[in-house]
Amino acid sequence: MGNTKLKTTTMSKIIEGYYYSESHEYVKVEGNIGFVGITDHAQHELGNVVYVDMPEVDDEVNAGEEFGAVESVKAASDLFSPVSGTVVEVNEALDDEPGLVNKDAYENWIMKVEMSDASELENLMDAAAYKAFIGE
Amino acid sequence: MSYKFFPHTEDDIRSMLNTCGEKSLDDLYKDIPEDLVLKKEYGLPEGLSEIEVRKFFNSLAQGNETLKCLIGAGCYDHYSPSVVNNIVSRSEFLTSYTPYQAEISQGTLQYIFEYQSMMAMLTGMEVSNASMYDGCTATAEAMMMAVAAAKKRNKVLISATVNPIVRRVVETYAKFNGVVLETIAEADGVTDKSDFEAKVAADDVAGVIVAAPNFYGIVEDYTGWADFCHAHKTLLIMNCVASTLGVLKTPGEWGADIAVGDGQSLGIPMNFGGPYVGFLCTSKKLIRKMPGRIVGATTDMDGKRTFVLTLQAREQHIRREKATSNICSNESLMALYVTVYMALMGKEGLKEVNELGYSGAHYLAEKLCELKGFSMAYPDKPFLNEFAVKFDGDIEDLQNVLLDYNGVQLGLKIADNTLLLCVTETISKDDLDEVVLTCKAYTEGEDEDE
Amino acid sequence: MNNTYYGKLIFELSKPGRKGYSLPKNELSEYSTAQLPENLLRVEEPALPEVDELTVVRHYTNMSNNNFGVDTGFYPLGSCTMKYNPKINEEIAAHPEFTGLHPLQNVETVQGALAVYYQLQRSLSEIAGMSEFTLNPFAGAHGELTGLMVIRSYHMSRGDAKRTKIIVPDSAHGTNPASAAVCGLDVVEVKSKPDGRVDVEDLKPLLDDTIAGMMMTNPNTLGLFENNIAEIAKLVHDCGGLMYYDGANLNPMLGKCRPGDIGFDVMHINLHKTFSTPHGGGGPGSGPIGVREGLEQFLPNPRVTCDFNEDGMVDYKIDMGEESLGSISGFLGNFGIMMRALTYIVTLGSDNLKWVGPLATLNANYIKESLKDCYELPIEGVCKHEFVFDGLKDKSTGVTTLDVAKRLLDYGYHAPTIYFPLLFHQALMIEPTENESKETLDGFIEVMKKIAQEAKDDPELVKTAPHTTPVRRLDDTKAALKQIVTWNELCAVEEL
């Protein structure tokens, strides 16, 4: 996510074993599939999410490049893919109920990516590093 | 410096400067490097009193001549009820800003909601935005919207029968925005269907822009066009003359994805070209790709129904370079013209306006074509109140004669021997008879000259 | 306010059979649209309201009472220059010999209108220090886009196609990057220094032969004059780029400084800000653009030119220039707005226009100095026509800028611009104009102080404001999620 403005400080949930980016996306890895979403910290900062702009299945995504956006009423943030690969599924439930991201950002991933280069995960932060990164 | 727009007395200025810790008004500009400060007065005349201002403009007005308009081509001389001007002149509407503070802007927000509702009804589309600058820029925005919606295509087709004034603007936007704009050929005054199908079938077209009615006033038959577009994942964009939608098949009924055009024909004075209002309507599923402001209904803290600017995260003030468009100020007050006009006219009024235009135009076409040298440019093609005639004499000379004798602007010369004419309800049968009489005398006079 | 009417939509006042218009009888009814092929006719009638004239008049009059305008009260909306819209402007603009002109009618019959266009164009050139203006753009953002097209046309005319980047400060209006994107340019952001001005050191490494130019607002969106402008302009010019002036903040410059004299090549003016034309609830505006000598040929078509005919009389023409960037409007722009702006300029004249900037600047500094004990002033020093507070000085109350803005509504003031520029989290941007009296400003200052006190004594009162407006705070999230944007959609929702 792009220039998310830090407005409030609330303790946010961080899950061990996930990978985190500086732009506040996470990756949960199952085999060569990465579940990508925004962190709990990010959803807090955004406030009520009213729209998630998602890629299409079969789209190619590249690590560090934009793949969509999340919008709240008064803000919008681009989403940057933490990993490279092919989109194999998007979370269509977010079309009808984007607020699910606020309810549980980790349960409600945004896209599933078949990763083309697992070594990219090494460039991301682990839970402890992300916790330090967001200053909690 | 005592002046009617400056309430500051010498004492006020002294005391305010004192609060600021400054000695003079010049001190307030001490942060500007000395060599950049303007050291002379503007080379403009001194101020005028109101009496002199009125004289100044009255004198300029003598260089103008308001005419009976038998000309359209994107601007139509329609009747506007006196209520319209009265309402839009209210300073509560006129002197307000964009309704960002919804609690004290319900007047503006509510009329925009009514405008959106009426435009959606009129075009047969699901949603409308709060307004665009004019019909030309609205069409250009629709082109960019189609490209954004298609994601991986950047080619748009535009029919050769779209008003060239609109085409010029669309071409400019395409050139700078990087859209590949191609023309669909014209065949006998209408869009060439085989050329349309061949180009869309290439599967690289984001959108197709057609006109209804087209530049020549012809009402083209677009049966099956939307389906053909959709089969190739292409959006169909229709540029319409707003008032004609009171009777003509709507973009929604043709299956179009985006309806655009100028709303000037709905109660807005001709005003030498502006301000007008562009409309842009589309389907619900494309609402997020729509440029400009949108008003939505919601409730306030007390549960009362209210209106508010919504989906703002698409707009430039939040999304900056990623916004759906750069539009900020639109034509809000002109949308109020349209809203009050449609409230007064209703569906019956719009029908009557179109009947009067149709009757006058068909009568004029028939009478002119009885004269020597006149013929329909596209015989057998259906038209509403605008049509092209061929005249094998000197069109400009004929126009000048009508101007001098009848105070009439006889259409627009669109080719060496083609004249585009338009009739609205402001032109009576007597007016038309006089025009025909002068044309008759002119053509017979030409005979005598020979 | 008439509560019977309040909140009703025009559709809810409709009754079949009523009408609000009169048209002449059709003397040619033997010709009818029924003669058109049936498949070209609309099938479903539009469900427009059916209402009588008085109902329409009352409905919209009552609606107008729910609006706040400059004529209603003080409107300190930063960056918007909500100055008084003189009544004479409206009277002149309504002159039927102008409003009744068709844009394509014989050019000999519109000489008066073309004279208005030409004289306004010349007046703006003098005021801005530019060579020539086009008045065709419809609004400020449209002017920006057109100005950027001029810049690109200039580079392309020199065969310099690689210049596709435009530099924009981080404090810029959102329209700057948005206009650049529509124009096919990539935006490169330059940072501000702690004193709110462009960081020249941050700018230097950005300058190379891919830079088309740089956009600047001066004074910038913090109301601060970019005092390094000469150096910045030289740097950009030396690398081959052009300087674009965003005229949103031109008002304080009147009488004191001309964009053309301080290094700018292309600029726009918002007639609806600096030249007193009404904002109309969000338009119509007008965004003329000016260019320095050597760039005139790129201005958009059509253009108004002036010549002398055989009798030595002025003869105005409408031309299409060959090197022009193309057309960006159907006709000659928002002519009705030009009528108002020219009225304003001839009304004030050179002897009064020169006081506009200094008095607007005095008013802004007076409010700033009077309130900086209660509100956080992030950057000290003299401002121009506007300034930005970063919320209340005392942040412990939890009262935000939004709350302060909403509470102001209760006291009969329009709110300042909030949460812009993005440099400060609690931005509260205040712009009084030259038309406001010391008494008006004192009244506003007193209320702002009172709100700061209320934030300490009774924060809930401020957080739940407004309390006295026609409606209370709105549910933005519901609006964005439900997207009910027409009467048809509203009918399908029971709770509204």
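All of the numbers you see were taken from the coordinates with simple rules; none came from a lab. Everything quoted here is computed from the prediction, not taken from an experiment. Glycine gets a Cβ as well: all are built from the backbone with ideal geometry, and neighbour counts include every protein chain shown.
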If you count, for every residue in B:281-288, the Cβ atoms of partner chains within 10 Å of its Cβ, what is the mean?
1
For the stretch C:162-208, which trypsin sites (Lys or Arg not before Pro) are in a loop by DSSP, counting at most 16 other Cβ atoms within 10 Å?
C:LYS162, C:LYS191
Helix-only [θ]222 nm of chain A, DSSP H runs n ≥ 4, -39500 (n - 2.57) each, per residue, nearest 500:
-3500 deg cm²/dmol
Give the aspartates and glutamates whose C-alpha is closer than 17 Å to that of A:LYS103, dropping any in the same chain fewer than 8 places away, or say none.
A:GLU25, A:ASP40, A:GLU45, A:GLU71, A:GLU92, A:ASP95
Please work out the C-alpha center-to-center distance from the stretch B:146-222 to the stretch C:131-191 and express it in whole Å.
26 Å
Just list whichever of B:LYS40/C:LYS368; B:LYS55/C:LYS256; B:LYS249/B:LYS381 have alpha carbons separated by over 20 Å in the model shown.
B:LYS40/C:LYS368; B:LYS55/C:LYS256
Per residue of C:138-147, how many C-beta atoms from partner chains lie within 10 Å of its own C-beta, taken as a mean?
5
Net charge near A:LEU124 (other residues with Cβ under 12 Å of its Cβ; Lys, Arg +1; Asp, Glu -1) is -4
Quick note on A:VAL90, C:VAL462, B:VAL423, ordering by fewest other C-beta atoms within 10 Å, gives A:VAL90, C:VAL462, B:VAL423
For the stretch A:19-133, state what percent of all Cα-Cα pairs lands in each successive 5 Å bin, counting from 0 Å until the bin that includes the largest distance.
2, 13, 25, 26, 20, 11, 3, 0
Using Cα-only point scatterers and the Debye equation, what is log10 of I(q)/I(0) for the protein assembly as shown at each q in 0.05, 0.07, 0.08 Å⁻¹, rounded to two decimals?
-0.31, -0.63, -0.83
Calculate the FRET efficiency for B:LYS152 and B:ARG54 from the Cβ-Cβ distance with a Förster distance of 45 Å, rounded to the nearest 0.05.
0.15
Over the stretch B:126-186, what is the relative contact order in whole percent, taking alpha-carbon pairs under 8 Å and six or more residues apart?
39 percent
Just list whichever of B:LYS233/B:LYS322; B:LYS289/C:LYS165; B:LYS351/C:LYS8; B:LYS4/C:LYS438 have alpha carbons separated by over 19 Å in the model shown.
B:LYS233/B:LYS322; B:LYS289/C:LYS165; B:LYS351/C:LYS8
Where does chain C land at 222 nm, in deg cm²/dmol rounded to the nearest 500, when only DSSP H runs of n ≥ 4 count, each adding -39500 (n - 2.57), divided by all residues?
-10500 deg cm²/dmol
Chain C: relative contact order from alpha carbon pairs under 8 Å, six or more residues apart, as a whole percent, is 17 percent
Return the calculated 222 nm mean residue ellipticity for chain B, to the nearest 500 deg cm²/dmol, obtained by summing -39500 (n - 2.57) across DSSP H runs with n ≥ 4 and dividing by the residue count.
-12500 deg cm²/dmol
Trypsin sites (Lys or Arg not before Pro) within the stretch B:283-374: which are DSSP loop residues with at most 16 other Cβ atoms inside 10 Å?
B:LYS304, B:LYS372
Would you mind checking B:LYS68/B:LYS367; B:LYS30/C:LYS191; C:LYS83/C:LYS234; B:LYS285/C:LYS273 for any pair whose Cα atoms are more than 29 angstrom apart?
C:LYS83/C:LYS234; B:LYS285/C:LYS273
Provide the gained length on full extension for the span C:LEU23 to C:ASN227, in nm with one decimal, where the gain is 0.36 nm per separating residue minus the Cα-Cα distance.
67.3 nm
Determine the percent antiparallel among the DSSP beta bridges restricted to the protein assembly as shown, to the nearest 5.
70 percent
Using the number of other C-beta atoms within 10 angstrom as an exposure proxy, rank B:SER89, C:SER171 with the fewest first.
B:SER89, C:SER171
Please enumerate, by chain and number, the aspartates and glutamates with C-alpha under 12 Å from the C-alpha of C:LYS25, excluding those fewer than 8 residues away in the same chain.
B:GLU352, B:GLU355, B:GLU425
Exposure proxy check on C:VAL314, C:VAL51: fewest-to-most Cβ neighbours within 10 Å is C:VAL314, C:VAL51
With no solvent and one equal point scatterer placed on each C-alpha of the stretch B:82-341, evaluate the Debye formula and give log10 I(q)/I(0) for q = 0.15 Å⁻¹, two decimals.
-1.04
